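So that we are looking at the same thing, I have put the structure below in structure tokens.
The values are calculated or read from the model by the stated rules, or taken from the named source; none is laboratory data. Not measured: the values here are computed from a predicted model. Note: ideal-geometry Cβ built from the backbone for every residue, glycine included; neighbour counts use all protein chains shown. Calculation scope for accessible area: heavy atoms of the full protein, side chains included, ligands and nucleic acids excluded. Shrake-Rupley method; radii C 1.70, N 1.55, O 1.52, S 1.80 Å.
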Amino acid sequence: MEAVIGIFSVKTTFFTLWDYPMSYLEFVGTILNLWSVWLASRNSVLTWPVGNVAVVLFGALFFQIQLYSDFVEQGYFLVTGFYGWWLWRASRKSGGVRRDAVGLTIIRNSTRANLLCAGIVVLGTIVMGYGIAHIHEYLPSIFSEPASYPYLDAFTTVMSFAANFLLAQRRFECWFLWIFVDIIGIGLYFAKAVIFVSLLYCIFLVLATKGLVGWRRLLQRSATQA
């Protein structure tokens with residue numbers, strides 16, 4: 001039992017790569033996250049169940065390295081993961097005809113929706129950043145150490161909230177938010193010395209760009225067919 005629990009500790013090393021101790025949490029969570037984002041870029045419904053497992057592992061990781069906004073974010077991802085999974089599966093039936101996992105309808109946001117999204121991100125960052133910056137004072141028995149980079153972490157977290165919701169709705173604009181999140185995440189995780197996760201975000205950035213290009217192509221194809 002202790003061996004199983006130890007796997008979920010960031011201090012339990014799976015292997016060492018160039019003097020960097022790789023934990024089971026960081027390695028398996030990274031691989032599953034990569035797979036999930038690749039599936040999303042392919043517009044595949046399987047992105048959601050794979051992503052749900054990944055967020056559980058990353059939730060444990062972020063809690064242990066005091067990135068509390070990211071920890072809260074994983075809980076949100078888990079909820080929206082099941083929501084997105086249900087929504088995409090339901091969307092595979094249209095007019096009684098079942099569609100493939102790839103090829104679901106993609107839509108664009110209105111200008112009003114984009115402005116609303118931007119406002120929510122700004123307000124959410126201020127509120128969450130303040131709360132996370134003081135959470136060790138409010139709940140010292142759970143959060144024993146102050147949060148690292150609370151406002152920057154909150155910014156990427158709130159943007160990720162918005163991006164994941166837009167992804168579940170198959171809104172094209174989700175990829176712009178993911179690209180911004182990935183750029184900031186590369187530096188943030190490097191500063192926290194979780195190098196493999198920082199490298200993961202480099203790959204996320206490539207995949208998000210691929211998703212943006214791929215979904216744009218699908219939009220153009222749908223417009224042509226219409």
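Does ILE126 count as open to solvent by 50 Å² or more (accessible area, probe 1.4 Å), out of contact with any strand residue (DSSP E or B) (no Cβ under 6 Å at 6 or more places or on another chain) and not in a helix (DSSP H, G or I)?
Against the criterion (open to solvent by 50 Å² or more (accessible area, probe 1.4 Å), out of contact with any strand residue (DSSP E or B) (no Cβ under 6 Å at 6 or more places or on another chain) and not in a helix (DSSP H, G or I)), ILE126 does not qualify.
Let me ask something else. Name every residue in the range 129-149 that is in a helix (DSSP H, G or I) and either among the hydrophobic types (A, V, I, L, M, F, W, C) or surrounded by fewer than 16 Cβ atoms within 10 Å (Cβ to Cβ) (or both), in order of residue number.
Listed by number, the residues that qualify are TYR130, ILE132, ALA133, ILE135, GLU137, TYR138.
Out of the range 85-123, which residues are touching a Leu at 6+ places or on another chain (Cβ under 8 Å), charged (D, E, K, R) and either open to solvent by less than 70 Å² (accessible area, probe 1.4 Å) or at pLDDT below 80 (or both)?
Scanning the range 85-123 gives a single hit, ARG92.
While we're here: Quickly run through the range 168-201 and pick out the residues that are open to solvent by less than 10 Å² (accessible area, probe 1.4 Å), closer than 24 Å to ILE120 by Cα and in a helix (DSSP H, G or I).
Listed by number, the residues that qualify are ALA168, CYS174, TRP175, VAL181, ASP182, GLY185, LEU188.
If I filter the range 207-226 down to residues being at pLDDT 85 or above and either of a type in the set (D, E, K, R) or exposed (fewer than 14 other Cβ atoms within 10 Å of the Cβ) (or both), which single residue comes out as nearest to SER23 (Cα to Cα)?
Of everything passing the filter in the range 207-226, LYS210 is nearest to SER23 (Cα to Cα).
In this structure, is ALA163 touching a helix residue (DSSP H, G or I) at 6+ places or on another chain (Cβ under 9 Å) and touching a residue at least 40 places away in the same chain (Cβ under 8 Å)?
Taking the combined requirement at face value, the residue does not satisfy it.
Related question: Starting from residues that are under 22 Å from THR105 (Cβ atoms) and not small (Gly, Ala, Ser), keep the ones in the range 150-167 and report whichever is most open to solvent (accessible area, probe 1.4 Å).
PHE165
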